[in-house]
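First comes the structure, then the notes that go with it.
All of the numbers you see were taken from the coordinates with simple rules; none came from a lab. None of the values given here were measured: they were computed from a predicted structure. FYI the Cβ positions are ideal-geometry reconstructions off the backbone, even for glycines, and counts take in every protein chain you see.
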């Protein structure tokens, strides 16, 4: 793993997912925001897979269609994404 040795406000980390924690008083690596967002995305995929298993592909399309219309057409409203994520979680926990 390549790590950024000299962190500064002008260095973006070149796509690093982990950073050395020593600079912020942590013994070990620190996950980047990018890594946390990747994990959240993978959790979303799993939610949608579970929804498809229970309710079918049309249920998944109904959820994703409110957020994504195409590769270059999607909502940038974070609240909408969070609302849909929560709604899918409720549907799965209720067993409906």
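Test of understanding: what is the full-extension gain from residue 33 to residue 90, defined as 0.36 nm times their sequence separation minus their Cα-Cα distance?
On the way: separation 57, 0.36 × 57 = 20.52 nm, distance 2.59 nm.
Between residue 33 and residue 90, full extension yields 17.9 nm more.
Decide, for region 30-81, between rounded, prolate and oblate: order the square roots of the alpha carbon gyration tensor eigenvalues as a ≥ b ≥ c, take rounded if a/c falls under 1.5, and otherwise choose prolate if a/b is larger than b/c, else oblate.
Oblate is the answer for region 30-81, as a/c is 1.5 or above yet b/c matches or exceeds a/b.
In nm, give the distance between the simple-model label positions of residue 83 and residue 62, each being 7 Å from the Cα along the Cα-to-Cβ direction.
Using points 7 Å along Cα→Cβ, the separation is 1.6 nm.
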